[in-house]
Amino acid sequence: MPTLLEVGQRVAVAIEAVDGERGFRRRLLELGLCPGTTVRVTNVAPLGDPLEIEVRGGRLSIRRDEAAQIRVRR
Amino acid sequence: MTATRHIALLGNPNTGKTSVWNGLTGGNAKVGNYPGVTVDRRAAPLRGHPDLELVDVPGAYSLVARSADEQIALDVALGLNGQPAPAAVVVCVDATQLARSLYILVQLQELGVRCVVALTMADEAGPAAPDAGALAAELGCPVVPVVGRTGVGLTALRQAVVAAAAITTAEPARWRWTPSPALAAKLATVRAAFPTSWPASDGLALWALQCVGDDELAAVPPAVRDAVVAAAPDAAVDDEAVLGRYRWLDDRIAVLMKTAVDRRRTERIDRVLLHRGLGLVIFAAVMFVLFMTLFAWSDPAITFIEDRFAWLGQQVRDVLPDGLLEDFLVNGVIDGVGAVIVFLPQIVLLFFLLGLLEDFGYLARVAYLMDRIMRTMGLSGRAFVPMLSGFACAVPAVMATRTMERQRDRILTMMVIPLMTCSARLPVYTLVIAALFPSQTFGGLSTKGLLMVAMYAFSVVTALAAAWVLARVVKPLKAKRLPFVIELPPYRAPRLRDVGRMMLAKTWSFLREAGTVILACTIALWALLYFPRDTPAGAPDYAALAAAAPDDEARAAVEHARDAALLEHSYGAQLGKAIEPAIAPLGFDWKIGVGIIGAFAAREVFVSTLGVIHGVGDDEGSLRQRLTDERGPDGAVVYTPLVGLSLMVFFALACQCMSTLGVIKRETGGYRWPLFLLGYMTALAWVASFLVFQVGRLLGF
């Protein structure tokens, strides 16, 4: 299963699961990155990291290693 | 007169909470600090209702906390740990971000907290905006749409708050999901261990199950900790709670949004401001303006203030006879107040610009653009602006760390900002370079210019290295494995009134809390260098010599000699002599030691103190000559270029600035961090200067 880091820009995908240590994944879940939610990478910062993602109609900045913890399905 | 009751104001960041705060209160805000954390506590009476006090809570997405600063939201909402229990909580809910901004409200309702929703950004949501009545019916609490820009809805919001505060019956806990039997059993175990001061609610038991574990919460009783450990909560608890809440929000609330929110304007602006090339150019230009404002453009105001205080001092000198009172007023009180006021131009300008950039939405983009660089030293992109400001002055830069979300990041940034080459170090470097280094060129560039550039580069490298080391060695500064997700809010026109009020509040809290510390230190330092005001035994009769002087020049020379003798005999100079064995291995004599002590008032004071102790008054040209010509008893040059280099390294690394220490004491709410800063920087400076001087000597310089 690909991670959010591996899908291309502008591709809408659904979150399958969030991995990682408990406090880390709880933060992401509480920001609305729940399984089933649609998410899209909209931009990459000029220095290559972090990514800008669209979720629930808002924009968030998320680091690459954090995006690698989010498994998605197309 | 009824007793004051409290209303808390909560909400996600970027939901227009500041506008709501300004709309609900009528000035007279009391700004303090929550105990033990680097978070401002603002409280002010509700406009027209002096018996209701509104308490501001820093923006938060959730009540779940791992550190003491995050726990404030819960403490204020429930009235725990010394906070007064609120009669109601106003929750700012962004109409363009309904589900995410209502998440914290769902948590509050599980805890049985009485809520009033201020529905902000309804104008921005436009046709997508949800119907307030339908939203209120789903949430079971009042919903008042407000437009901060125009003030529409604020009166209705105040009325709703007053009505909610008047309800005397207990608010029932509302759960939007049903815990599984396994979770319900865990909740019961934890709840049974609560102290009597905690409400015995399942909501609080769930909070403990989610927060206790790998945390730094100070106020959780051991019995509760043991019960949580016994209940063995795991990720399944989080899934159940968080996903249960969002499922309800998605099913019942998200459908109230009439269409998708139009974000095209923000997207268009982002295409330019976050562009790979143009975006970075604009970023550099904005940072240049910010930096020049602090570094150069605030100079006329600073000079004006310095001139006014110098004028005031002269007036006092003219009126009062020479003596203790005159010197105390001029060099203690007036200089001390001046030393505080002189920071105001930079603080006012920096917070005005920061307020504009934050409200517009650009500060979050700065963090996004710079995160890659700042994370290499264990910080986030939010640390960039405070660090950059440190090149001008550490005092406003330390205050700017309030724009960072996490306490650990704020403190780590504060601990390295004073290493940046601030403008007060420049007069010291200029003097040392001009007096002690020969004019040579090196590859077509002057050595003096290269040295100055090298000192800047040195400060950046040491600041980055110090952050890297501190983040690994000092326990409270260790990085947590938490996501660095930040919101990139829509671009919004800044409101000058909100920016202005924030700027004034910052300035006032600096004057009241840091200013008093700085003034007290200036007076203490004055006393150290003034008393006992004796000339050594066997000194010539300076008064007679001055009277006999043939011209002004000769009289000035006598006065300079007298001032040098008085200073040399002061407690401060005795201290300088006492520490000479400690600073001799760095290449410093006791005169430099006195200069270093005087420089605690402000680094540039090193130059004038050195001038007085060398008997040349405040003429910098004579001081340079004097330093170049100074010979020891054996006829050797005292101040060699190697001593100069060692001295510059010392000034680059030592925390020679009580104003920085004063402002860090104010921002961290205690003496622990400023003392740590003073200790580690002094040790670092001593070791580095020692190495420079001793290695340099071995190499034959």
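The values are calculated or read from the model by the stated rules, or taken from the named source; none is laboratory data. As the structure is a computational prediction, the values presented were derived from the model and not from experiment. Cβ sites come from the backbone with ideal geometry, for glycine too, and all protein chains shown count toward neighbours.
The residue that is surrounded by the fewest Cβ atoms within 10 Å (Cβ to Cβ), counting only those in segment B:590-636 that are of a type in the set (K, R) and not in a loop (DSSP other than H, G, I, E, B), is B:R631. Count of segment B:207-237 residues, restricted to those that are in contact with an Asp or Glu (Cβ under 7 Å, 6 or more places away or on another chain) and away from every other protein chain (no Cβ under 12 Å), is 0.
Restricting segment B:259-278 to residues that are of a type in the set (V, I, T) and within 11 Å of another protein chain (Cβ to nearest Cβ) leaves a set whose member that is surrounded by the fewest Cβ atoms within 10 Å (Cβ to Cβ) is B:T259. Of everything in segment B:274-331 that's polar (S, T, N, Q) and part of a helix (DSSP H, G or I), which residue is nearest to B:C521 (Cα to Cα)? Per the criteria, the residue is B:N331. Checking each residue in segment A:17-74 for being over 20 Å from B:L102 (Cα atoms), surrounded by fewer than 22 Cβ atoms within 10 Å (Cβ to Cβ) and among the hydroxyl-bearing types (S, T, Y) picks out only A:T42.
Of all the numbered requirements in (1) over 14 Å from B:R603 (Cβ atoms); (2) assigned to a helix (DSSP H, G or I); (3) small (G, A, S); (4) out of contact with any Leu (no Cβ under 7 Å at 6 or more places or on another chain), B:G696 misses one, and that requirement is (4).
Just one residue in the set A:G48, A:G32 is at pLDDT below 95, in a loop (DSSP other than H, G, I, E, B), within 26 Å of B:D251 (Cα to Cα) and within 7 Å of chain B (Cβ to nearest Cβ); that residue is A:G32. Just to be sure before I move on: is B:A137 without any contact (Cβ under 8 Å) to a residue 24 or more places away in the chain, of a type outside the set (V, I, T) and over 22 Å from B:V55 (Cβ atoms) in the structure I sent? Spelling it out, B:A137 is indeed without any contact (Cβ under 8 Å) to a residue 24 or more places away in the chain, of a type outside the set (V, I, T) and over 22 Å from B:V55 (Cβ atoms).
Residue count for segment B:341-356 satisfying the condition of being buried (at least 20 other Cβ atoms within 10 Å of the Cβ) and more than 17 Å from B:F295 (Cβ to Cβ): 1. Do we find that A:G8 is loosely packed, with under 15 Cβ neighbours inside 10 Å and either under 12 Å from the mean Cα position of the chain (by Cα) or more than 10 Å from chain B (Cβ to nearest Cβ) (or both) in this structure? Yes. Applying the criterion of being surrounded by fewer than 17 Cβ atoms within 10 Å (Cβ to Cβ) and of a type in the set (K, R) to the residues of segment B:493-517, the residue that is farthest from the chain's Cα centre (by Cα) is B:R497. Inspect segment B:200-216 for any residue being out of contact with any strand residue (DSSP E or B) (no Cβ under 8 Å at 6 or more places or on another chain), touching a residue at least 12 places away in the same chain (Cβ under 8 Å) and among the polar types (S, T, N, Q) and give the result as yes or no. For segment B:200-216, residues out of contact with any strand residue (DSSP E or B) (no Cβ under 8 Å at 6 or more places or on another chain), touching a residue at least 12 places away in the same chain (Cβ under 8 Å) and among the polar types (S, T, N, Q): present. When A:E16 is tested against (1) within 8 Å of another protein chain (Cβ to nearest Cβ); (2) assigned to a strand (DSSP E or B), exactly one condition is not met: (1). Against the numbered list (1) of a type in the set (D, E, K, R); (2) farther than 19 Å from B:V242 by Cα; (3) facing chain B (nearest Cβ under 9 Å), A:R40 comes up short only at (3).
In segment B:481-494, the residues that are at the interface with another protein chain (Cβ under 7 Å from one of its Cβ atoms) reach residues that are surrounded by 17 or more Cβ atoms within 10 Å (Cβ to Cβ) and acidic (D, E) with C-beta atoms within less than 6 angstrom, at least six apart or across chains, in these pairs: B:P483/A:E66.
Per-residue answers, yes or no, for (1) touching a residue at least 60 places away in the same chain (Cβ under 8 Å); (2) polar (S, T, N, Q); (3) farther than 21 Å from B:L419 by Cα; (4) away from chain A (no Cβ under 14 Å):
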residue: B:L349; (1), (2), (3), (4): no, no, yes, yes
residue: B:F352; (1), (2), (3), (4): yes, no, yes, yes
residue: B:V366; (1), (2), (3), (4): yes, no, yes, no
residue: B:I373; (1), (2), (3), (4): no, no, no, no
residue: B:T376; (1), (2), (3), (4): yes, yes, no, no
residue: B:R382; (1), (2), (3), (4): yes, no, no, no
residue: B:V385; (1), (2), (3), (4): yes, no, no, yes
residue: B:P396; (1), (2), (3), (4): yes, no, no, yes
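Could you tell me whether any residue of segment B:123-140 is closer than 22 Å to B:H6 by Cα and touching a strand residue (DSSP E or B) at 6+ places or on another chain (Cβ under 7 Å)? Taking every residue of segment B:123-140 in turn, none turns out to be closer than 22 Å to B:H6 by Cα and touching a strand residue (DSSP E or B) at 6+ places or on another chain (Cβ under 7 Å). Checking each residue in segment B:633-680 for being closer than 23 Å to B:M452 by Cβ and free of Cβ contacts under 8 Å to residues at least 12 places away in the same chain picks out only B:V637. When restricted to residues that are at the interface with chain B (Cβ under 7 Å from one of its Cβ atoms) and not in a loop (DSSP other than H, G, I, E, B), segment A:51-74 contains 7. Here the condition is being farther than 28 Å from B:W207 by Cβ and hydrophobic (A, V, I, L, M, F, W, C); of A:L31, A:L4, it holds for A:L4 alone. If you go through segment B:144-160 and pick out every residue that is more than 12 Å from B:T120 (Cα to Cα) and aliphatic (A, V, I, L, M), you end up with 2. Condition test on B:V117, is it in a loop (DSSP other than H, G, I, E, B), among the hydrophobic types (A, V, I, L, M, F, W, C) and modelled with pLDDT of 95 or more? No, not satisfied. Taking the criterion of being in a helix (DSSP H, G or I) and either within 14 Å of chain A (Cβ to nearest Cβ) or among the β-branched types (V, I, T) (or both), would at least one residue in segment B:55-64 satisfy it? No, there is no match, as no residue in segment B:55-64 is in a helix (DSSP H, G or I) and either within 14 Å of chain A (Cβ to nearest Cβ) or among the β-branched types (V, I, T) (or both).
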